[in-house]
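Quick notes on the structure that follows.
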Amino acid sequence: MPISENLLKKIETLPTLPIVVTRIMQLVENPKTAAVEISKVVSLDPALTVKILKIVNSAYYGFPKQITTVTHAIMILGFEDVKNIAMGISVFDIFKAKGAASDVIFDRVAFWQHSIAVGACTKLLAKKLRYKNPEEAFICGLLHDIGKIILDQYFHDEFNKVMKLARDENLLFINAEKRMNDMDHAEIGRVVAKRWGLPQAIVECIANHHNPAGSETNVMLIALVHASDVFCKIQKIGNSGDMLVPQLQKAAWDQLKLQPTDLTKLYEELNEEVKKADTFMEFAKTT
Amino acid sequence: MAIQELGELELKNISDAQKVDLLRKVNTDLKSSLDDIISILTKFSEAISIKFDLKTLLDLVSDILKDIIKYKAIAVTIYDKERDSFNYMALRNVDLVIDSKIKNIIKDGLAHWSISQKRSIVLPDAESNVEFTVLIVPLITQMETVGVIFMYCNKSAESFMQQDLEFLNIIGAQSAIAIKNTFLYNEMGQKNQDLANLKNYLNDVIDNMVTGVMVLDMEGFVKTFNNVAESLVCLKAPAVLGKKYDTILPMSICEKITVAFDLVKNGQNGMAPNSNPEIEVEYIETGKTIPIRISYNCLKGNNSKVLGIIFMLRDMSESREIQRLREIDKIKSELVANVSHELRTPLTSIKAYAETLLDIAGTEDVDTQKEFLNIICQESERLTNLISNLLDLSRLESGDFKLDISEANLPEMLKKCALLLKELAAQKGVAIKVDSPQQVPALKCDAAKIEQVVINLISNAVKYNKPEGGKVDVSLKETRSNFEIVVKDTGIGMPKEALGKIFEKFYRVDSSLTYQVSGTGLGLAIVKHIVDRHNGQLLVESALNAGSTFTLVLPKS
């Protein structure tokens, strides 16, 4: 759905990702980048440094020894992962839970709970299906609904109307959006993610997480995110605006080739994995 | 410098020209990085296609890593799942210090972590003041952990580039597959060896069975043919294996096998699933008749599909021999019974008459006494005959008997025999007629024995002739190499089934007449032996109530 001029104009005024993160993303694009170059950039932002070290030392990675420097973290987790962590942390920073307006309908803590669970679930599925980069899958899952939080923060009144409509008529959030005509969290998310220069894979996952058949590239990754979103709603982990379970699209199901027995096992492991990602939740609550 | 300021500096203060330069640099780096990856992969694929030998392979991996990482020391370890330990397989410059560093890394769980995360990691060497690092490269295939490569480098962690880690991951994955292939290759070699051993073992078992084994597939090709089968069928396995059974086996066996084969082929209709049907066949090989019992069963595959037929061939010669011995034993027992009976009959009458004689001894009834003594005399004679017959036969059978060769005048002999039996013939009302040329060459033989034969034949002809007006024709013929003595009677004859048995001891044709005629049942058995010893033949033609003709053929030499 095309978004209105009004929305586009407002998006222009949205904050960008911190320059440090943008720079890291640029550096990681070059295979000849040395660890020292990244750690130098990160060290410019002590808060980010602390958060990165917190994450890499968390149960999420379960590294058996203390990691004390960013260089160390890069050499252990790899350049890509450190970049993804930095991106995730920055997005959390932008949309702090406590930054919400007073007439809050949208529960940001519950939202991040859902987002982290989808990230964890996407990573689990990615591992299970031998997708090449499970950490990329995590960040895609984590950010899939970023459009909603943008709407809540910067288009608060319109967003609240959609929320009320969804709640009063017991609609899926996306169906309530369609009624309102000029709202589309997936599209807003896509535009913002692109503006921030997030990797194409993430942009496509955000844009198509309700419509896995809508993209010709990153098909697997989108299917993973879409399915994880549905699975986490079935498991009722967190809340992203409605408590209804959307239908799992056939395109995704065909892509993943999962068996019902796989799901039982997945749900068991999901709780474990969500616990491991607890550090992210801390950031969502306190930053 | 504040963060925001840095951003301003980095992004805003860069001119367009500088931005283009920056992009160009990334582009060049990407390209050269791609070249590096291709060159590593090329080297690798060339290396691992050389040989499935673990030592050579690990040497090559170490060489390639040396080019890229310039390590000081390297240890390639293979993971032992059962003991959860890493065993050194290829080492370069691993001294005690480095060895203990590696052991600590493993102890701290870093090797396991690297495996679980499927990524290579670079650790700063905590104990060294200089900038040293330890590299851990997991060797994992999709399915399992193969091992871990540890490298000790004189290089700070900071200077590692993103592509270095990528290279390590690529080399780790490729090495793992190559090592795994080496294992599989060796395992396959071992399995093949095991299979070959098992095959030899089974072949040994099959070859050392006392039963002949032949397996046919459903097309009738011979798949297995063991030693015993070889010697039973007198064909060597190489000549039979892989051939169609009906092109190579003896006809008589083929016929039987075809019957079995058709039964199995036609959906086992004639065969209950676990039945063990048997067929018997006799065939002649190099002049020897070999009786074989063939049993067969379906050879079934995993899904009960019939793959072929197993034939078990057993040489029945031995068990037939046993059966024959059993029969002989039975004959011996019968002989004892018969002899006892035959001996008792005359003895009983001798005893009875002798007792009566004792009672009437001293009386004037001389005639009765004479008559009784005559009977005693006759019965004694019969006993003597019987015993001497038995002795003759026993000697003949034991082989403890020598022919007393002299020249015999056969026409004379025939006349003499006829004369000797004249009285008996007269009693029976039978006429004996001898038809013989006057002059024939003398025959070298045991004259007394041949005479015994002739007497026996003529006396039989007389005894078993018809009650009155019977005739016995005795004739002598000379052929080029033989003399033929023919004794023909007009008697009761014999049924066909009896002909084969008349030369057996104590065999007497079962008829009412035989019970009236006294005989030991040994005569023809003795006759047969004597004739055999002279290399002669005794032919008999007879039919019930149509008389009998015995032809004695004696070779001149």
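The values are calculated or read from the model by the stated rules, or taken from the named source; none is laboratory data. Everything quoted here is computed from the prediction, not taken from an experiment. When we count neighbours, we look across all protein chains shown, and the Cβ atoms used for this are built from the backbone with ideal geometry, even at glycine.
Whether any residue in the range B:40-63 is within 14 Å of another protein chain (Cβ to nearest Cβ) and at pLDDT below 85 is what I want to check.
For the range B:40-63, residues within 14 Å of another protein chain (Cβ to nearest Cβ) and at pLDDT below 85: present.
For the range B:135-143, state whether one or more residues are more than 13 Å from every other protein chain (Cβ to nearest Cβ), more than 15 Å from residue B:110 (Cα to Cα) and surrounded by fewer than 24 Cβ atoms within 10 Å (Cβ to Cβ).
The answer is no; no qualifying residue exists.
Conditions (1) surrounded by 18 or more Cβ atoms within 10 Å (Cβ to Cβ); (2) within 11 Å of another protein chain (Cβ to nearest Cβ); (3) in contact with a Phe, Trp or Tyr (Cβ under 6 Å, 6 or more places away or on another chain); (4) farther than 27 Å from residue A:127 by Cα, marked per residue:
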site: B:98; (1), (2), (3), (4): yes, no, yes, yes
site: B:101; (1), (2), (3), (4): yes, no, no, yes
site: B:107; (1), (2), (3), (4): no, yes, no, no
site: B:117; (1), (2), (3), (4): yes, yes, no, no
site: B:121; (1), (2), (3), (4): yes, yes, no, no
site: B:127; (1), (2), (3), (4): no, no, no, yes
site: B:145; (1), (2), (3), (4): yes, no, yes, no
site: B:150; (1), (2), (3), (4): yes, no, no, no
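Which of the strands (runs of 3 or more DSSP E) contained wholly in the range B:399-469 include at least 3 residues that are under 20 Å from residue B:546 (Cβ atoms)?
Numbers: elements: B:406-408, B:430-435, B:443-445.
Hits in the range B:399-469: B:430-435.
Please go through the range B:435-462 and give me each residue that is touching an Asp or Glu at 6+ places or on another chain (Cβ under 8 Å) and under 13 Å from residue B:415 (Cα atoms), ordered by number.
Within the range B:435-462, B:435, B:437 meet the criteria.
Among the candidates B:196, B:173, single out the residue that is within 15 Å of residue B:57 (Cα to Cα) and small (Gly, Ala, Ser).
Answer to the check: B:173.
Out of (1) away from chain B (no Cβ under 12 Å); (2) without any contact (Cβ under 8 Å) to a residue 60 or more places away in the chain, what's the single condition that is false for residue A:67?
Tallying (1) away from chain B (no Cβ under 12 Å); (2) without any contact (Cβ under 8 Å) to a residue 60 or more places away in the chain, residue A:67 fails exactly one: (1).
For the range B:67-96, what are the residues that are touching a Phe, Trp or Tyr at 6+ places or on another chain (Cβ under 7 Å) and farther than 17 Å from residue B:175 by Cβ?
Residues satisfying the conditions are B:72, B:73.
Here is a check on your reading of the model: is residue B:363 of a type in the set (S, T, N, Q), under 25 Å from residue B:465 (Cα atoms), without any contact (Cβ under 8 Å) to a residue 60 or more places away in the chain and not in a strand (DSSP E or B)?
Here the answer is no, as residue B:363 does not meet what is asked.
For residue A:239, which of the numbered conditions (1) in a helix (DSSP H, G or I); (2) in contact (Cβ under 8 Å) with a residue 12 or more places away in the chain fails to hold?
(1)
What single numbered condition from (1) surrounded by fewer than 18 Cβ atoms within 10 Å (Cβ to Cβ); (2) within 12 Å of chain B (Cβ to nearest Cβ); (3) in contact (Cβ under 8 Å) with a residue 40 or more places away in the chain; (4) among the hydrophobic types (A, V, I, L, M, F, W, C) fails to hold for residue A:11?
Residue A:11 satisfies all of (1) surrounded by fewer than 18 Cβ atoms within 10 Å (Cβ to Cβ); (2) within 12 Å of chain B (Cβ to nearest Cβ); (3) in contact (Cβ under 8 Å) with a residue 40 or more places away in the chain; (4) among the hydrophobic types (A, V, I, L, M, F, W, C) except (2).
Give B:91, B:139 a once-over and let me know the one that is closer than 25 Å to residue B:43 by Cβ, touching a Ser or Thr at 6+ places or on another chain (Cβ under 8 Å), at pLDDT 90 or above and of a type outside the set (Ser, Thr, Tyr). Walk me through it before giving the result.
Working: B:91 fails: touching a Ser or Thr at 6+ places or on another chain (Cβ under 8 Å).
Step by step, each of B:91, B:139 is checked, and only B:139 is closer than 25 Å to residue B:43 by Cβ, touching a Ser or Thr at 6+ places or on another chain (Cβ under 8 Å), at pLDDT 90 or above and of a type outside the set (Ser, Thr, Tyr).
Search the range A:22-44 for residues being within 7 Å of chain B (Cβ to nearest Cβ) and free of Cβ contacts under 8 Å to residues at least 24 places away in the same chain, and hand back the single one that is surrounded by the fewest Cβ atoms within 10 Å (Cβ to Cβ).
Filtering the range A:22-44 for residues that are within 7 Å of chain B (Cβ to nearest Cβ) and free of Cβ contacts under 8 Å to residues at least 24 places away in the same chain, the one surrounded by the fewest Cβ atoms within 10 Å (Cβ to Cβ) comes out as A:29.
Of all the residues that make up the range A:1-59, how many are in a helix (DSSP H, G or I) and under 26 Å from residue B:35 (Cβ atoms)?
Of the residues in that region, 10 qualify.
What's the number of the only condition in (1) crowded, with 18+ Cβ neighbours inside 10 Å; (2) under 30 Å from residue A:38 (Cβ atoms) that residue B:170 fails to meet?
(1)
Hey, among the residues in the range B:224-262 that are assigned to a loop (DSSP other than H, G, I, E, B) and of a type in the set (Lys, Arg), which one's surrounded by the most Cβ atoms within 10 Å (Cβ to Cβ)?
Result: B:243.
Residue under question is residue A:177, and the condition is that it be surrounded by 17 or more Cβ atoms within 10 Å (Cβ to Cβ) and either within 22 Å of residue A:233 (Cα to Cα) or under 16 Å from the mean Cα position of the chain (by Cα) (or both); does it hold?
yes
Given the criteria in contact with a strand residue (DSSP E or B) (Cβ under 6 Å, 6 or more places away or on another chain) and surrounded by 16 or more Cβ atoms within 10 Å (Cβ to Cβ), does residue A:94 qualify?
For residue A:94, the condition - in contact with a strand residue (DSSP E or B) (Cβ under 6 Å, 6 or more places away or on another chain) and surrounded by 16 or more Cβ atoms within 10 Å (Cβ to Cβ) - is not met.
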